[in-house]
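Asker: Here it is, the structure, as structure tokens.
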Amino acid sequence: MNLADQIEAVARRATAEVVAASHAYASTQRRLASDLADFRSANAAPDERLRAKLQMDADIADTATPRILLPADVAEASPHRSASDE
């Protein structure tokens, strides 16, 4: 086995380890996000649950957050924003 083959073998092993670590990290991150969402849902007030449901529905539909959830000064169609704010 020449030097180039050895270098390639080391690179392949390192890449495989990085990929495995990345998958483990992503899996842990998804699990923690799910646990946090479950905790927030279990301990949320009714209006917070509604807000979270509407936000999730908007994310699923891939649309902007419904304006009813935003304060008037940050809503897209706010009468409180001037043309210079945009």
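The values are calculated or read from the model by the stated rules, or taken from the named source; none is laboratory data. Quick caveat, the model's predicted, so the values are computed rather than measured. Every residue, glycine among them, receives a Cβ derived from its backbone with ideal geometry; neighbour counts consider all protein chains shown. Surface areas here come from the heavy atoms of the whole protein model, side chains and all, with no ligands, DNA or RNA. Shrake-Rupley method; radii C 1.70, N 1.55, O 1.52, S 1.80 Å.
Asker: Between residues in the stretch 46-59 that are closer than 18 Å to Leu36 by Cα and outside any helix (DSSP H, G or I) and residues that are open to solvent by 100 Å² or more (accessible area, probe 1.4 Å) and at pLDDT below 85, which pairs lie under 8 Å by C-beta distance while being six or more apart or on different chains?
Answerer: none
Asker: Being of a type in the set (A, V, I, L, M, F, W, C), part of a helix (DSSP H, G or I) and open to solvent by 90 Å² or more (accessible area, probe 1.4 Å) is the filter here, so list the residues in the stretch 1-15 that pass it.
Answerer: Initially, the stretch 1-15 is screened for residues of a type in the set (A, V, I, L, M, F, W, C), giving 1, 3-4, 7, 9-11, 14.
Still in the list and also part of a helix (DSSP H, G or I): 3-4, 7, 9-11, 14.
Correct list: Leu3, Ile7.
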